[in-house]
Structure formats: structure tokens, C-alpha cells
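The values are calculated or read from the model by the stated rules, or taken from the named source; none is laboratory data. All of these numbers come straight from a predicted model, not from anything done at the bench. With ideal geometry, Cβ positions are generated from the backbone for all residues, glycine too; neighbour counts draw on all protein chains shown. Side chains included, ligands, DNA and RNA excluded: accessible areas come from the protein's heavy atoms. Shrake-Rupley method; radii C 1.70, N 1.55, O 1.52, S 1.80 Å.
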Amino acid sequence: VVVVFELKELPIIRDIQFEGLKSVQESDVLKTFRERRVGFSKEAIYDPAKQNNAVRVLKELLASKGHPNATIEVRSDEISQTSVGVTFVINEGDRVRVAEIDFVGNQVFKDGSLRSQMKYVTQTGLIARFKGTDILDREKLDVDLRIVQQYMASKGYLQARTGEPTVEGLGRRRTGLFIPLPLVSSVDETLRVTVPVTEGKLYRIGEIKIEGNSIFSEQVIRAVIGLKSGDVADGRRIGKALYEDLKKYYGGQGFIQYDASPQPTFKDNPTNPKEGIVDFVVTIDEGKQFTLRRLEFLGNTFTRDVVLRREVLINEGDIYNQSYFEYSILRLNQLGFFEPIDEKRDADFRTNEEEGFVDVNVKVSERGRQQISFNGGISGIGGSFFGLEYSTNNLLGRGESLSFQLAYGNRQR
């Protein structure tokens, strides 16, 4: 038996066009394709499956800009036997704004109090129009609902939850100002977002047990938490104390792998059936104490290392101190030689747990360091004149400043 496989190679994408795209820049669409790893770009292999993925991502992007009803058709034109051009034909449809956000099931918290906690998806209004927060973005809405839950937990309602929101259309309404004015008022399609809420009971602190701690005493940790028996259980305060405040305390002593795990136990309050009592067992994993072995700066092709190192408050060989490191990043940013450095994004930590060493690599991106300007004119005192100004804030990469001005005129020099 002779078996013959007939193959047809997929063509190369030579061109991508977007027809009818108004709300989003083409460059932003292509950037989103790269960030979401769609795999649909110029000079890539044309794959129908990746094309469908690109349509899905583009629809999500348009929905985040207020066009959830956009339709997209894809047209591929053959350029040669081995290449094609792809055109996305887009009909964005009407802009849709959030007119109402309602909460159902809440009795203790008023709708206005819960809505005031939302930052990224809000009811339409004059300010919301300019900030762009009256657009229904599902990811941003999820973030807002988590903030709402944290707010209720901060008031002692630790078991408060928000359910899956429902969305319904309200038809066309005037949004913004009640009078028709360009930019500040328009007639748009509107939505109502309804969020179910389960509040639960108000809980008070019963007993807090601390386990696994050896560096800081139980009294110190309790003082950082700041809550005692009988207080309203502030969930936001507990989370901040365990994951931010204590993390800084331990980081200042070189314990950069610190972690905490709170385990709540909910009980009924025998003296008040409308309230509950919560006991916490906080298990702390301190990890090892680390010493800074090596500090490296990457990306400073012009600025000398000594200029950066003199701003750092930790020396190689010292016990690592997270607070000193954060303050050092602040000092580096104040130099003005680099793009803003983010201590979480631009700092890479590599630990050696056996020897208790940590190596830190800090990535920097240098800014322009020189300025040249020309000026000239005529004045009653100086007459005609011509001037040159030059300045640099990082002379020869040493962090020194130099500036000079030259002026020449028929009356003054």
C-alpha cells in the first residue's frame, strides 16, 4: 500500500488592518495581542484558531471601552501564494454606560455606602464620564466587589460575601448633565448592574493565639495587630497587620521569607444571638535570616556604580533590611537620573537558603541627562542679543551637575 500525504502550508501574515476601529488605537490592540500571547501578528503563521482568539481578545478590549455589543468580521486577502493580508472589519455599535448599580440582600449596609467603595466601575455622572469609570469592565468590577467585601469585613462582618452580578439593559437615556451639551452630556445605551449581598453576623474578637514566633514576642505581635478581646473583628486591620506591618518588622531583621497564616473559628455569642465570636490562631513561618551577599545594578550604561551605591543604606555583608532597601529605592528615584524604579518589579531577589545569603539585582533605565537651548531677542536695556544654555545633571556619569550660559549682544555680553 502506498500512502501519500498532501500538505498545504499555512501562509505568512504580511499585513493586519482594522476597519471601523475608533475607540482603541491600533497600536494598543497589537500590544494587547502580545501581552495576552495571542500569537497573531505580522510575519507570524496564519492560524485560524489564533485568529478566533484574536477576535475574542479584541471584543473584550472593545467591551472595556464601553462597546460590549461590537461585532467583528475577519477578511483574509491573498497577497501571494505564501502570504495573506488580514482585515478586521469592526462595527463598534452604540456606547453603553452603567446607569445604576444596585445591591440586594443587604440590610446593615446601605447601597450608597457600598457604592462609595467602588473605584473602577461607578454609576454614570459628569465625573464618571471624564474618568471613564461608567463603563462595564468585568475584571474591574470583580476588583471593586473584592474592595466592597473588604469594607464589610472591616466593620466586623467577616463572612460577608457578594454574589455573581447580573446585568440588564435599561434602554437609551441621557447621561452626564441633564441639559444637552457636547462632551458632558449624551444619549447612550444604559445598563443596570445588580449585585447580591450576604452580610452574615457581626463578629467580635474572642481569643487570638500566636504560634511559630521566636524573634518577636507574642505581646509585640498582639500590639501590632491592635485588637483585643471584645473588639469588633476588623478584617482589614488583621490583614494589614499580618501581611504588611509584620512583614516589614521581620524584613527589617533579615527574615524576608516571613509568612503568616490566620485560621479563624466562628462561634455563636451566647449573650447576643445577633452577633458572633471569632477566635484566631495565627501561625507564623519566620524562615531564615538572610545576609546581603551581592548587590548589582543592571542598565546603568553611563552612570557609574558608585553613584548608585552611595544612595543605598545596606552594605554587602550586612544583615538584609527591607525597610532600608525601600528607603534606598526612594533615594535612587530622587536622583532623577533614571526612570522611576519599582522595588517589586525592578528588583530581583535570589536567595541561598543553605548559607543564608541573598543577592539583589536592581534594573534601572537611564533618562536623558543633557539639555541645550538657544534664545535671543531685543530688549530696551540689553539691545539685540543671542544666548546659549547648556546643562547636565550627571557629568561623566559621576552624578555631578554642570551648567553654563553664554550671551552676546550689541550692548551686553
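Here are some notes:
- Whichever residue in the stretch 381-413 is under 30 Å from L292 (Cα atoms) and open to solvent by 60 Å² or more (accessible area, probe 1.4 Å) and, among such residues, is modelled with the highest pLDDT: E400
- Looking across the stretch 207-219, the residues that are in contact (Cβ under 8 Å) with a residue 24 or more places away in the chain and either open to solvent by 20 Å² or more (accessible area, probe 1.4 Å) or touching a helix residue (DSSP H, G or I) at 6+ places or on another chain (Cβ under 6 Å) (or both) come down to E207, K209, I210, E211, G212, N213, S214, I215, F216.
- Neighbours by Cβ (under 9 Å, 6+ apart or cross-chain): first from the stretch 1-14, closer than 18 Å to D77 by Cβ and assigned to a loop (DSSP other than H, G, I, E, B); second open to solvent by 100 Å² or more (accessible area, probe 1.4 Å) and acidic (D, E): P11/E78
- Close pairs from the stretch 64-93: first in contact (Cβ under 8 Å) with a residue 60 or more places away in the chain, partner open to solvent by 50 Å² or more (accessible area, probe 1.4 Å) and polar (S, T, N, Q), Cβ under 6 Å, at least 6 apart: V84/S76; V86/S76; T87/Q17; N91/T71
- Selection of strands (runs of 3 or more DSSP E) fully inside the stretch 357-413 by the criterion of at least 2 residues being β-branched (V, I, T) returns 357-363, 370-379.
- Just so you know, in the stretch 178-200 the residues that are open to solvent by 60 Å² or more (accessible area, probe 1.4 Å) and within 33 Å of the chain's Cα centre (by Cα) include one that is nearest to T162 (Cα to Cα), and it is T198.
- Matching residues in the stretch 311-343 - criterion: being closer than 25 Å to Y249 by Cα, touching a residue at least 40 places away in the same chain (Cβ under 8 Å) and either more than 27 Å from the chain's Cα centre (by Cα) or not in a helix (DSSP H, G or I) (or both): I319, Y320, N321
- Residues that are open to solvent by 80 Å² or more (accessible area, probe 1.4 Å), under 30 Å from N393 (Cβ atoms) and not charged (D, E, K, R) within the stretch 347-380 comprise Q370, Q371, I372, F374, listed in sequence order.
- Complete set of residues in the stretch 23-82 that are part of a helix (DSSP H, G or I), exposed (fewer than 12 other Cβ atoms within 10 Å of the Cβ) and of a type in the set (G, A, S): S27, A49
- Options Y151, Y157; residue that is in a helix (DSSP H, G or I) and either touching a residue at least 40 places away in the same chain (Cβ under 8 Å) or over 26 Å from N69 (Cα atoms) (or both): Y151
For every residue, the table says whether it meets (1) in a loop (DSSP other than H, G, I, E, B); (2) farther than 24 Å from R345 by Cβ.
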position: A241; (1), (2): no, yes
position: L246; (1), (2): no, no
position: Y249; (1), (2): no, no
position: Q257; (1), (2): yes, no
position: N272; (1), (2): yes, yes
position: D279; (1), (2): no, yes
position: T283; (1), (2): no, yes
position: L292; (1), (2): no, no
position: N300; (1), (2): yes, no
